[in-house]
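The values are calculated or read from the model by the stated rules, or taken from the named source; none is laboratory data. Please read all numbers here as calculations on a predicted model, not as lab measurements. Heads up, the Cβs are rebuilt from the backbone with ideal geometry, glycines too, and the neighbour counts pull from every protein chain shown. With ligands, DNA and RNA removed, areas are computed over all heavy atoms of the protein, side chains included. Shrake-Rupley method; radii C 1.70, N 1.55, O 1.52, S 1.80 Å.
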Amino acid sequence: MKSWTSFRRLYLIIVAVSGFLLAPVVLTSYFWNVWPQTSEELVRYTIQIPSSFELTDQNGRIVKQSTLIGKPTVVFFGFSNCPDVCPTTLSNLTELMDRLGPDADRLNVLFISVDPERDTQERLASYLTSFDERIIGLTGSSKVIAEMTK
């Protein structure tokens with residue numbers, strides 16, 4: 001009976017160690033397969049900002065396509081009533097910008113509301129006070145937002 005218990009214990013140790021050693025290989029393989037490998041694949045993760053793009057930021061300024069030229073732009077679609085994904089993502093973006101330090105000034109980070117009826121300029125201004133001040137909240141025409149989300 002003692003040998004069976006020893007064998008079982010050895011088996012569990014081997015399974016645990018194998019799982020620990022194989023996890024990075026499995027995760028690397030997964031991300032290698034889903035991460036864009038070529039510039040053509042990267043285009044799938046890139047949005048083209050329509051020339052008709054014109055939204056209002058949380059400070060009342062008009063933001064157009066021409067406003068964004070010259071800097072890489074991170075775009076996040078959400079809404080201020082969002083219970084978990086939106087504040088979590090904006091917190092992650094805030095942390096990223098903190099880690100980038102002054103280099104974060106070389107980015108446009110946009111939070112575009114998909115609920116323009118409720119997310120007024122004033123509401124976005126209030127909502128975004130919890131996050132990095134360089135994050136630009138945008139609201140405006142449902143038609144323009146629908147074009148952006150295509």
Under a Cβ-Cβ cut-off of 15 Å, what is the net charge of the residues other than Ser51 that fall near it, where Lys and Arg count +1 and Asp and Glu count -1?
+1
How far, in nm, would the chain grow between Arg118 and Lys143 when pulled straight, counting 0.36 nm per residue and subtracting the alpha carbon separation?
7.5 nm
Here the residues of region 107-129 lying in the modelled label zone of Arg61, meaning backbone nitrogen under 18 Å from a point 7 Å along Cα-to-Cβ, are 107-113, 121-129
Return the long-range amide H neighbours of Val74 (sequence gap of 5 or more, or a different chain), with a cut-off of under 5 Å between placed amide H atoms.
Asn108, Val109, Leu110
Vicinal HN-Hα couplings computed from phi for region 104-119 (Karplus, 6.51 cos²θ - 1.76 cosθ + 1.60; Hz; Gly/Pro x):
5, 5, 8, 10, 9, 10, 10, 10, 9, 6, 9, 10, x, 5, 8, 8
In region 99-150, what percent of the accessible surface is made up of carbon and sulfur (1.4 Å probe, ligands and nucleic acids excluded)?
49
